[in-house]
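The values are calculated or read from the model by the stated rules, or taken from the named source; none is laboratory data. The model shown is predicted, which means the values in this text are computed figures rather than measured ones. Please note: Cβ atoms are built from the backbone with ideal geometry, for glycine as well, and neighbour counts cover all protein chains shown. With ligands, DNA and RNA removed, areas are computed over all heavy atoms of the protein, side chains included. Shrake-Rupley method; radii C 1.70, N 1.55, O 1.52, S 1.80 Å.
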Amino acid sequence: MPAPIAVFDLDGTLVDTAPDLIATLNAVLREAGYAPVAIEDTFNAIGHGSKAMIEKALAFQGITVDKSAIQRMHEHFLDYYADNISDHSRPFEGVTDLLDRLAADDVTLAVCTNKLEGLSVRLLTDLGLADRFAAIIGADTLDVRKPHPRHLLSTISRAGGNPERAIMVGDSRTDIDTAKAAEIPVIAVDFGYTDVPVRELGPDHVVSHYREIYPLAAPLLGLDAR
């Protein structure tokens, strides 16, 4: 029987990165001469990437700029964020307990994210989590990214896992669609960054806290729930 593997999305799933992402966005807006925005005004754009956050913040203020200006702001965003990536970002409550419990059952752990690989590794390293994962696969690691199923399947392969005994944990339509396309069971957290409630997107299970995941994951991975 293949070894079990649990694959996690990063932003809004493993780690609450919104505080540092919004702080970076506002630093970029101020530098460009625009007003900062409140977290609730751009929260739902977080799951779509930093460029989408910039575009939404500008649209919220009724500002139209050309693509070259967006690109300059995006480059500034990435530079600033890299230097401030873990100022306020923290794992969600219960993350480390779940990772410990899965590891104790010899479950391989991996990350499949649309965050750039280098930023993902830096964040998880800063938070003391990187060494827990057999693979950390970002948006620029492969020639595809979520929701393409190969992004998830390649993550499983690089971690030494097998899709026949795998699960995905995510927070958005992108994660759910990716897992479905890869024919991998998916557990959705309902506290992440999504513009549509995850219950409406058809995941196999929905949880509101990490303590709820193990009893659901165990039978999907062929473990004895205990």
Looking only at the stretch 40-66, which residues are more than 17 Å from A139 (Cα to Cα) and assigned to a loop (DSSP other than H, G, I, E, B)?
Q61, G62, I63, T64, V65, D66
If you check every pair at least six apart or on different chains, which have Cβ atoms under 9 Å apart with a residue in the stretch 10-31 that is on the phi > 0 side of the Ramachandran plot first and a residue that is part of a helix (DSSP H, G or I) second?
G12/A18; G12/I46; G12/G47
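State which residue is surrounded by the most Cβ atoms within 10 Å (Cβ to Cβ) when the search covers only the stretch 8-22 and only residues that are more than 8 Å from the chain's Cα centre (by Cα) and not small (G, A, S). Full working, then the answer.
Quick first cut of the stretch 8-22, residues more than 8 Å from the chain's Cα centre (by Cα) only: 16-22.
Okay, now just the ones that are also not small (G, A, S), so 16-17, 19-22.
On the way: D16: 20, T17: 24, P19: 13, D20: 20, L21: 27, I22: 22.
Filtering the stretch 8-22 for residues that are more than 8 Å from the chain's Cα centre (by Cα) and not small (G, A, S), the one surrounded by the most Cβ atoms within 10 Å (Cβ to Cβ) comes out as L21.
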Residue list for the stretch 128-158, restricted to those being in contact with a helix residue (DSSP H, G or I) (Cβ under 7 Å, 6 or more places away or on another chain), assigned to a helix (DSSP H, G or I) and under 27 Å from N44 (Cβ atoms):
P149, H151, L152
When both residues are 6+ apart or on different chains and their Cβ atoms are under 6 Å apart, which pairs have a first residue that lies in the stretch 179-190 and is closer than 12 Å to P147 by Cα, and a second that is assigned to a strand (DSSP E or B) and open to solvent by 60 Å² or more (accessible area, probe 1.4 Å)?
none
Matching residues, the stretch 48-95, being over 18 Å from A38 (Cβ atoms), of a type in the set (A, V, I, L, M) and touching a residue at least 24 places away in the same chain (Cβ under 8 Å):
A69, M73, L78, A82, I85, V95
Criterion (under 28 Å from M1 (Cα atoms), touching a helix residue (DSSP H, G or I) at 6+ places or on another chain (Cβ under 8 Å) and surrounded by fewer than 18 Cβ atoms within 10 Å (Cβ to Cβ)) met by exactly one of A110, A103
A103
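How many of the residues making up the stretch 169-207 are in a loop (DSSP other than H, G, I, E, B) and open to solvent by 60 Å² or more (accessible area, probe 1.4 Å)? Step through it out loud before you land on a result.
Step one: list which residues in the stretch 169-207 are in a loop (DSSP other than H, G, I, E, B), which gives 171-172, 183-185, 190-197, 202-204.
Still in the running and open to solvent by 60 Å² or more (accessible area, probe 1.4 Å): 183, 190, 195, 197, 204.
Going through the stretch 169-207 one residue at a time, the tally reaches 5.
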Quick check on the stretch 113-134: of everything there that is charged (D, E, K, R) and surrounded by 15 or more Cβ atoms within 10 Å (Cβ to Cβ), which residue is farthest from G12 (Cα to Cα)?
R132
Only one of (1) closer than 18 Å to S89 by Cα; (2) in contact with a strand residue (DSSP E or B) (Cβ under 7 Å, 6 or more places away or on another chain) is not met by G192, so which one is it?
(2)
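Which residues, counting only those in the stretch 140-160, are hydrophobic (A, V, I, L, M, F, W, C), touching a Ser or Thr at 6+ places or on another chain (Cβ under 7 Å) and over 13 Å from A110 (Cβ atoms)?
Step one: list which residues in the stretch 140-160 are hydrophobic (A, V, I, L, M, F, W, C), which gives 142, 144, 152-153, 156, 159.
From what's left, touching a Ser or Thr at 6+ places or on another chain (Cβ under 7 Å): 142, 152, 159.
Selection gives L142 alone.
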Meets criteria (under 15 Å from L10 (Cα atoms) and part of a loop (DSSP other than H, G, I, E, B)) for G161
no
Failed criterion for G94 (all others in (1) surrounded by 21 or more Cβ atoms within 10 Å (Cβ to Cβ); (2) within 19 Å of V186 (Cα to Cα) hold)
(1)
